[in-house]
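The structure appears below as structure tokens.
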Amino acid sequence: MALIACMLLIACNENHFINDAAYRQQVINDFEQRKEMAQGREKELFSVFDQSMTEEEREALEFLYAYMPYSDLADYDGAFFINQVRYSFKARDYFSWGKTIPEDIFRHFVLVYRVNNENLDTARMVIFNEIKDRIKGMSMYDAALEVNHWCHEKVTYRPSDGRTSSSLASIKTAYGRCGEESTFTVTALRAVGIPARQCYTPRWAHTDDNHAWVEVWVDGKWYFLGACEPDAALNMGWFAVPSTRCMMVHSNAFGKYKGDEEVNEATGLFSRVNMLPNYTNTKKIVIKVTDQAGKAIQNATVKFKLYNYAEYYPIATGTTDEQGITSLTTGFGDLLIWASKDDVYEYVKMDVRKQDSMTLILQKNAGKVYTEMLEMIPPTAQKHHAEVDPQKIALNNLRLQYEDSLRNAYLATFPKENQTKNMVNENLTQEQIWDFVKKSEGNYAEIIKFLNNNAQKREGLYLNEFLSALSEKDLRDVEASTLQQHLTLYDGSIPEDVYLKGIMPARIGLEMIRPWRTYLSEQLLPIFGDSLNVSVLMNWIKENIKVDKNGNYFNCPISPRGVFELRLSDARSRQIFFVAACRSLQIPAYLDNATNQLFVYENDAWNIVTFEAEKMQNATGKLMLTYEQNSDVKPQYWIHYTIAKFENGDFVTFDYENDPRVANFPVTLDLETGYYMLSTGNRYSDGTTLSQLEFFNITEGEVVTKSITLRTLIPRDEFYGTMNIDDTLTIDGKEVKISDCIKDKQLILCFIDPNREPTKHTLKEMGQFKTQYETWGGNLFFVIPSDKNNTPFDAKKWNLPKQSQVIIDENAEWMNSILNSTNQEFRDNYPLIFIVNTDGGLIFKTEGYRIGTGELIYKSLQK
């Protein structure tokens, strides 16, 4: 009895993880609902509660289960999540700052294991153990900086596809796009008990693309930093000035978050918080929606759209209240406000600089053929001053150089071509072997293992085609055992091209490749027996897999096995599951990732199928796209134009990026009948866009022809001063007069920081326009200030035009002399690019992050 009493006393004295009794009870209620919902994986998820754990651990684990997205309920188990809880507490107790973090900040921004839509792994544990002693004893501020230096040692920027690698996968390959770098850095900071969150501008206003960075909570205040791009202080980064031109910056907060920020969207599972006021001047705009009689419309959808990548992308979405009103805090630029309910809609351009409110009258319906011209002006840049001791900046630059050397030493351990010469594979040529091993980078051991396991010739084995169907990112993080499970043999029962498209591939959408083929076959064959066909399969899925749009809010695709076990899904994961189920049952199927359509091969033909009964039709027409062949620049999808189909009151853009169907003109596309929009745009150097929207119909059996026409940019008189072209430069060891480099041509003068993302984008684009620049024939100077020359610059890597010259500018003296003589202010917002005429006049200028710089410079030259 005394022992029992003692145990009860200890239990009663245990600390709560959630001290607010009302909030704690809400979590318990939500947890119980989730437990009921996830019965399909009851053992995998909830048996962990049978083991011994503290009250804090139990409450923390219940909090995670109560609000985690479907992908995590479906694809991970209780052992994974309890380890996440225990290591978050371990970090809290190990570091001095742990006891200073408020409960709610710790709960939402340390405990939570997921950052965005990445594949999950054990990075929290690995990172904590690797760097805990390195930062022990530091201040919280210095520790945050040091963690970012460690991240820079491991990962640097490189663009890639939209699937987000896990943190350990990023370390393995040593590269990541901004979304992966920020995911990795947030994970690293949380691993050592420092609250952190990923920040996104969903789309830039002044240029194409988006960007992600990190906010870190230090001693009661949120600061920002560039992920894997350490600076000498917090609140520094190349994006500091561009972020002042944003129309939205947001972050996702796991669970029921009660912070001070404005909430753009809130469900029972997460909140999307508006952090734009942290970066720029803002204004609250109010939108009212009515019918034609002036009656307020409740529950209308209002999308706040921004021109980017040749479409109008919603940076936020609101729903009108009983007065027909919704609102948003945004920046001082132009937006396209799009309101709809059911299939009735209206849109209007809004200049936030001049307007505070607007009323939209829903009156448009699908079908009208017309063209709309819009001019969209982004916010102007504001100054951002981070006063930091120059000596600290110089020391930081030296550290960056050292960290680059550490990472490069690791990269040097990847196999070289001569190391694969002795590999023999009867299904592949030597060149193919090396190509796959090279692309696998840090994952080479898994790919080599897979190749060695399948080295012998087998009839029906299409090994090259199988591996070629994977993305390069797949090769960098897939396991050999997973690939082996997906390997099939062609038996000749269907046409070869149908097998290669509809049975063989392990990839379906943009999901992490997981082993599902054998499992689904074993589970589904007993269910259907001899009655199996596509219709029966689709009906079973509709009856047994519940779909909703909120449960998988991070949009990380659920694995096909996870969908089957959990019986819950988002619409996209259900499509992936359908294709996986078909392939497991030897029914050829694929998902068209451009149009989001499902295809199955039946009755000797590919047929469209859908889960939506009202769309059960295959009526199609054709769209032919042409352009003026005498143009210097061939239009590219997403860069110059997009195509969208009207669905439920708005236009949904197709994703034809890198799709061979749009590679060559004339482009001919088979499209479902319906109402469509062709969007094109052309940007000035200041980010202002001349946009054109063309609305048309596709009817059954008809061919509609449209010309891709970019609105003409009216030449602007730009003049930024005159530089001294009588100066001399040292090029390839020789003294050369600048005027001799210009002669009768203009000069492209690029001051760059080759280690930063904006410069890397520009270099890549200049390489893409290599032929055009070489035809033009003028010189291009790529000038690197000596303090930015951390790693020897390899011009060959970027395939730059042959007349390019790389110049090291000692202490940035030449750049500063130009800026001083022309009275220009510049604060490290690289790249800084001028076009210089034959008299030394600076007649074009662009600086900082800007997608499309390579094309813009070329089009601005006098040819």
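The values are calculated or read from the model by the stated rules, or taken from the named source; none is laboratory data. In this text the structure is predicted, and so the values were computed from the model without any measurement. Virtual Cβ from ideal backbone geometry, glycine too; neighbours counted across all protein chains shown. These accessible areas exclude ligands, DNA and RNA; they are computed on the full protein's heavy atoms, side chains included. Shrake-Rupley method; radii C 1.70, N 1.55, O 1.52, S 1.80 Å.
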*Might you let me know whether the stretch 558-574 holds any residue that is open to solvent by 50 Å² or more (accessible area, probe 1.4 Å) and closer than 23 Å to Thr653 by Cα?*
yes
*What residue, of Pro314, Pro277, is farther than 21 Å from Glu181 by Cα, part of a strand (DSSP E or B) and either at pLDDT 95 or above or open to solvent by 20 Å² or more (accessible area, probe 1.4 Å) (or both)?*
Pro314
*Go over the candidates Val302, Val286 one by one and state the one that is assigned to a strand (DSSP E or B), under 24 Å from Tyr676 (Cα atoms) and of a type outside the set (Gly, Ala, Ser).*
Val302
*Of the residues that make up the stretch 269-286, is at least one out of contact with any strand residue (DSSP E or B) (no Cβ under 6 Å at 6 or more places or on another chain), closer than 23 Å to Leu111 by Cβ and without any contact (Cβ under 8 Å) to a residue 40 or more places away in the chain?*
no
*Which one is modelled with the lowest pLDDT among residues in the stretch 812-860 that are in contact with a helix residue (DSSP H, G or I) (Cβ under 6 Å, 6 or more places away or on another chain) and surrounded by fewer than 18 Cβ atoms within 10 Å (Cβ to Cβ)?*
Phe826
*Just name the residue that is nearest to Cys246 (Cα to Cα) out of those in the stretch 337-349 that are under 29 Å from the mean Cα position of the chain (by Cα) and either at pLDDT below 95 or of a type in the set (A, V, I, L, M, F, W, C) (or both).*
Ile337
*Tally, over the stretch 792-808, of residues that are more than 22 Å from Lys745 (Cβ to Cβ) and buried (at least 16 other Cβ atoms within 10 Å of the Cβ)*: 1
*Single unsatisfied condition, Ala293 versus (1) touching a strand residue (DSSP E or B) at 6+ places or on another chain (Cβ under 6 Å); (2) free of Cβ contacts under 8 Å to residues at least 24 places away in the same chain; (3) assigned to a loop (DSSP other than H, G, I, E, B)*: (1)
*Hey, Thr791 hits all of (1) over 27 Å from Gln862 (Cβ atoms); (2) without any contact (Cβ under 8 Å) to a residue 24 or more places away in the chain; (3) among the β-branched types (Val, Ile, Thr) but one; which does it fall short on?*
(2)
*Tabulated pairs, the stretch 478-494, first in contact (Cβ under 8 Å) with a residue 12 or more places away in the chain and more than 19 Å from Thr173 (Cα to Cα), second of a type outside the set (Ser, Thr, Tyr) and surrounded by fewer than 16 Cβ atoms within 10 Å (Cβ to Cβ), C-beta under 7 angstrom, 6+ apart or interchain*: Gln484/Asn453; Leu489/Arg458; Leu489/Gly460; Tyr490/Gly460; Tyr490/Glu496; Asp491/Gly460
*asked:* Quick check on Leu500: is it surrounded by 13 or more Cβ atoms within 10 Å (Cβ to Cβ) and in contact (Cβ under 8 Å) with a residue 60 or more places away in the chain?
replied: no
*Kindly indicate whether any position in the stretch 350-370 is within 30 Å of Arg827 (Cα to Cα) and under 24 Å from the mean Cα position of the chain (by Cα).*
no
